[in-house]
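Heads up, the thing below is written out as C-alpha cells.
The values are calculated or read from the model by the stated rules, or taken from the named source; none is laboratory data. As the structure is a computational prediction, the values presented were derived from the model and not from experiment. Virtual Cβ from ideal backbone geometry, glycine too; neighbours counted across all protein chains shown.
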Amino acid sequence: MSERTSAGKKAGPPPAGALRSLPRVDALLSHPRLAESGLPRWALRTAVRKTLDEARAALTEGRRTAAPTEEEAAALALSRAEALLRPRLRPVVNGTGVVLHTNLGRAPLSRRAAEAAAAVSAGWSTLEYDLSAGGRGSRQAHVKRLLCALTGAEDALAVNNNAAAVLLMLAAAGSGKGVALSRGELVEIGGSFRVPDIMARSGARLVEVGTTNKTHLSDYRRALDAGAAQVLLKVHTSNFQVVGFTQSVGLARLARLAEERCVPLLYDMGSGGLYPHPALPDGPTASESLAAGADVVCFSGDKLLGGPQAGILLGRRRWIGAMAADPLARALRPDKLTLAALEATLLAWQDPEGAWELPVLSMLGASPQALEARAREGAAYLSQAGGGRCRVAVTPVSGPVGGGSLPGVELSGWAVSLVPLRGGVAGLERHFRSWTPAIVGRVHKGALLLDVRTLRPEDWPDIAAALAAYDPEEGRT
Ligand SMILES: *Cc1c(COP(=O)(O)O)cnc(C)c1O
C-alpha cells in the first residue's frame with residue numbers, strides 16, 4: 001500500500017523513469033484479465049484510462065514512488081470497469097419489514113408476474129395484435145376482461161400509475177365542471193401528488209365542501225343544488241388518520257345522492273385489493289366500492305393489489321369509454337412489461353387461495369407465530385455464519401404496511417437483531433448497505449434489526465455472507 005504510507009507527503013518531482021514505466025493503454029487492454037473478461041470495450045477503455053490517469057497523478061504528487069506493474073494496473077482497471085457496468089438501479093434485500101416501501105420499489109412481483117414481464121420484454125409480443133383475427137388488437141384487452149370479471153365492473157382501463165388515473169378520471173368526467181370534494185380529503189400523497197394540483201391540471205374546478213374534521217351529506221347536497229358542483233369526488237385518506245371529533249360521508253350514502261341528482265361519483269381509492277382477502281386486514285376494495293355505487297374507482301397496481309406500477313380505472317362503460325377516448329390516455333398508457341406483469345397478477349387474484357402467491361399478500365398475511373419461527377431459524381443460521389462478530393438474537397417488532405396503505409395499522413412481527421461485539425452499529429449498517437446485494441435494515445437501540453416479514457428464503461445466504469465479511473475496522477481512517 002505505497003499510496004497510503006506516503007499519503008500527505010509534500011509533492012516532489014516524480015522519480016526518474018517512474019512515469020515512463022507506466023503500462024501503456026494498448027498493453028493493458030490486451031492483458032488477458034481485460035481482454036478475456038467479456039466486458040464491453042467502452043467500459044474497459046474508460047477504466048484503463050482512469051486507472052492510468054490516477055497512477056500518473058499519484059506519481060506526480062509524490063503519493064507513489066513506483067509505477068504499478070501491468071498486472072496491478074490490469075486488476076485495478078478490471079474492478080473499475082465492473083463498477084462502471086454495475087447498474088445504479090439494482091436489487092435490495094428489504095430488512096425493514098415495510099412491505100410497500102415506496103423508496104424500495106413498493107410491491108415485489110410474484111415469480112409468475114416477473115416471468116411474464118421478462119417473457120415479453122426481449123422480443124415481440126401480442127401487445128396490440130389479435131392472434132385469432134390476424135390483425136390489430138387492443139393492449140387493454142389483456143387485462144380488461146380479468147378486471148371486469150374479478151370486480152363486477154362494466155369496463156376497465158389500465159394506465160401508468162394511480163396519479164395518472166386520477167388525472168384522466170378528472171379530465172374525462174370533470175373538465176370544465178365543478179367537482180365537490182370534502183376538505184378532509186384534500187390530501188397530499190407524498191412528494192408532488194396533491195389532489196388540488198391534479199384537479200387544476202385536469203381542467204376541473206375544485207369545490208371544497210365541509211370542514212377538515214367534519215363533512216356532512218348536506219354539505220355535498222348544497223354544492224350540487226347551488227349549481228357549484230356537477231361531479232362528486234371521494235378520496236381515500238390512505239396515508240393518515242383524523243381522530244377525535246370527526247365525520248365523513250361513506251361511499252354508499254354519497255352514491256345515493258349522486259344517483260338522485262344524476263351526477264357521477266368518482267372514487268380515488270388509492271390502495272386496495274380487488275375483493276376482501278384474509279391477508280388484507282382492513283380498508284376498501286375495488287368490488288365493494290363498485291357495489292357501493294361509485295361510478296368510477298381508481299387505485300394503484302403496486303400497492304395492496306401486489307402488482308406492477310399501474311393505475312387501474314374501473315366503472316361504468318360511459319365514463320371509462322370517455323377516458324379511453326381522451327388524448328391524455330395515450331400519454332398515460334402502460335407499456336408491455338407492465339401489462340404482462342399486471343395480467344399475471346390478476347390471474348393470481350382469480351381465487352383467494354391463489355392470491356397467496358403474491359408476495360404482498362403472503363408477507364402481510366404472515367402470522368406472528370410463523371414470523372417468530374422464521375426469525376429463530378434465521379438467527380441460528382446467521383450465528384453460525386457470522387459468529388464472533390455480532391450478538392445475534394430475535395426480537396418482536398411492529399411496523400406499518402407502507403406505501404400509503406392502511407394508515408394506523410401496525411403489524412406485529414419478528415426481527416433478527418444484530419449487535420456488533422466491536423465497533424458501533426452504524427458501521428455494521430453501512431457495511432450491509434454497501435454489500436451486493438445491498439441489505440437495508442433498521443437501526444434501533446444499538447442493534448441492526450432485520451425484520452423477517454420482508455425477507456425471502458433466498459436472502460439469507462446474502463445476509464450471512466455480508467455478516468461473515470464484516471470487519472469493524474474497515475472504512476475507518
Ligand atoms: C398512492 C395514492 C395515489 C398515487 O398513486 P400512484 O400509483 O403512486 O401514482 C393517489 N391517490 C391515493 C389516495 C393514493 O393512496
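Collect the residues in the stretch 385-400 that are crowded, with 18+ Cβ neighbours inside 10 Å and touching a Gly at 6+ places or on another chain (Cβ under 9 Å), keeping them in residue-number order.
Residues satisfying the conditions are V392, V394, V397, G399, P400.
Output the residue which, of all residues in the stretch 420-477 that are polar (S, T, N, Q) and part of a helix (DSSP H, G or I), is nearest to L358 (Cα to Cα).
For the stretch 420-477, the residue satisfying everything is T454.
How many residues are modelled with pLDDT under 95 and touching a Lys or Arg at 6+ places or on another chain (Cβ under 7 Å) if we restrict to the stretch 271-301?
Adding up the residues that qualify gives 1.
Just checking, which of L382, L371 is in contact with a Gly (Cβ under 6 Å, 6 or more places away or on another chain), farther than 25 Å from V120 by Cα and assigned to a helix (DSSP H, G or I)? Outline the logic, then answer.
Values: L382 fails: in contact with a Gly (Cβ under 6 Å, 6 or more places away or on another chain).
The unique qualifying residue is L371.
When the stretch 265-289 is examined, which residues are found to be outside any loop (DSSP other than H, G, I, E, B) and buried (at least 24 other Cβ atoms within 10 Å of the Cβ)? Spell out the reasoning first.
Residues of the stretch 265-289 that are outside any loop (DSSP other than H, G, I, E, B), as a first pass: 265-270, 273, 285-289.
L265, L266, Y267, D268, M269, G270, G273, A286, S289 - these are the residues of the stretch 265-289 that are outside any loop (DSSP other than H, G, I, E, B) and buried (at least 24 other Cβ atoms within 10 Å of the Cβ).
Take the residues of the stretch 233-243 that are closer than 16 Å to G210 by Cα and of a type in the set (A, V, I, L, M, F, W, C): which is surrounded by the most Cβ atoms within 10 Å (Cβ to Cβ)?
Among those residues, the one meeting the criterion is L233.
Got at least one residue in the stretch 254-274 being away from the ligand (no atom under 12 Å from the Cβ) and within 23 Å of the chain's Cα centre (by Cα)?
yes
Take G402 and tell me if it is assigned to a loop (DSSP other than H, G, I, E, B), within 16 Å of the ligand (Cβ to nearest atom) and either on the phi > 0 side of the Ramachandran plot or touching an Asp or Glu at 6+ places or on another chain (Cβ under 7 Å) (or both).
Yes.
Looking at G408, G403, G446, G399, which is the one that is over 25 Å from the mean Cα position of the chain (by Cα), outside the structural domain of S271 (by TED's automatic domain parsing) and either in contact (Cβ under 8 Å) with a residue 12 or more places away in the chain or closer than 18 Å to E377 by Cβ (or both)? Lay out the reasoning, then the answer.
Details: G408 fails: over 25 Å from the mean Cα position of the chain (by Cα); G403 fails: over 25 Å from the mean Cα position of the chain (by Cα); G399 fails: over 25 Å from the mean Cα position of the chain (by Cα).
So the residue among G408, G403, G446, G399 that is over 25 Å from the mean Cα position of the chain (by Cα), outside the structural domain of S271 (by TED's automatic domain parsing) and either in contact (Cβ under 8 Å) with a residue 12 or more places away in the chain or closer than 18 Å to E377 by Cβ (or both) is G446.
Can you name every residue in the stretch 109-122 that is modelled with pLDDT of 95 or more and in a loop (DSSP other than H, G, I, E, B)?
Passing the criteria: L109, S110.
Enumerate the pairs (first residue in the stretch 354-378 and hydroxyl-bearing (S, T, Y); second residue anywhere and modelled with pLDDT of 95 or more and surrounded by fewer than 18 Cβ atoms within 10 Å (Cβ to Cβ)) with beta-carbon separation below 8 Å, excluding pairs fewer than 6 apart on the same chain, so at least 6 apart or on different chains.
Pairs that qualify, where the first residue is hydroxyl-bearing (S, T, Y) and the partner is modelled with pLDDT of 95 or more and surrounded by fewer than 18 Cβ atoms within 10 Å (Cβ to Cβ), are S362/W356.
Would you pick out the residues in the stretch 306-334 that are in a loop (DSSP other than H, G, I, E, B), touching a Leu at 6+ places or on another chain (Cβ under 8 Å) and near the ligand (Cβ under 10 Å from one of its atoms)?
A310
Can you list residue pairs whose Cβ atoms sit under 9 Å apart, with the first residue in the stretch 118-138 being touching a residue at least 60 places away in the same chain (Cβ under 8 Å) and the second being part of a loop (DSSP other than H, G, I, E, B) and charged (D, E, K, R)? Count only pairs 6 or more apart in sequence or on different chains.
As it stands, the answer is L127/R139; L127/D335, since those pairs meet every condition given.
Tally the residues that are loosely packed, with under 12 Cβ neighbours inside 10 Å and either not in a helix (DSSP H, G or I) or not assigned by TED's automatic domain parsing to the domain that holds V179 (or both), restricting the search to the stretch 244-263.
If we filter the stretch 244-263 for residues that are loosely packed, with under 12 Cβ neighbours inside 10 Å, which is where we start, we get 244-245, 250, 260, 262.
Subsequent filtering for residues that are either not in a helix (DSSP H, G or I) or not assigned by TED's automatic domain parsing to the domain that holds V179 (or both) retains 244-245, 250, 262.
Final tally of qualifying residues: 4.
How about the stretch 352-388: which of its residues are at pLDDT below 95 and hydrophobic (A, V, I, L, M, F, W, C)?
Listed by number, the list holds a single entry, A385.
Against the condition polar (S, T, N, Q) and in contact (Cβ under 8 Å) with a residue 60 or more places away in the chain, how does T151 come out, does it pass?
yes
Which one of these is touching a Cys at 6+ places or on another chain (Cβ under 7 Å), within 16 Å of the ligand (Cβ to nearest atom) and of a type in the set (G, A, S): A200, A158, A165? Steps first, answer last, please.
Values: A200 fails: touching a Cys at 6+ places or on another chain (Cβ under 7 Å); A158 fails: touching a Cys at 6+ places or on another chain (Cβ under 7 Å).
That would be A165, the only listed residue that is touching a Cys at 6+ places or on another chain (Cβ under 7 Å), within 16 Å of the ligand (Cβ to nearest atom) and of a type in the set (G, A, S).
Going by the structure shown, is R183 basic (K, R), surrounded by fewer than 21 Cβ atoms within 10 Å (Cβ to Cβ) and within 16 Å of the ligand (Cβ to nearest atom)?
It is true that R183 is basic (K, R), surrounded by fewer than 21 Cβ atoms within 10 Å (Cβ to Cβ) and within 16 Å of the ligand (Cβ to nearest atom).
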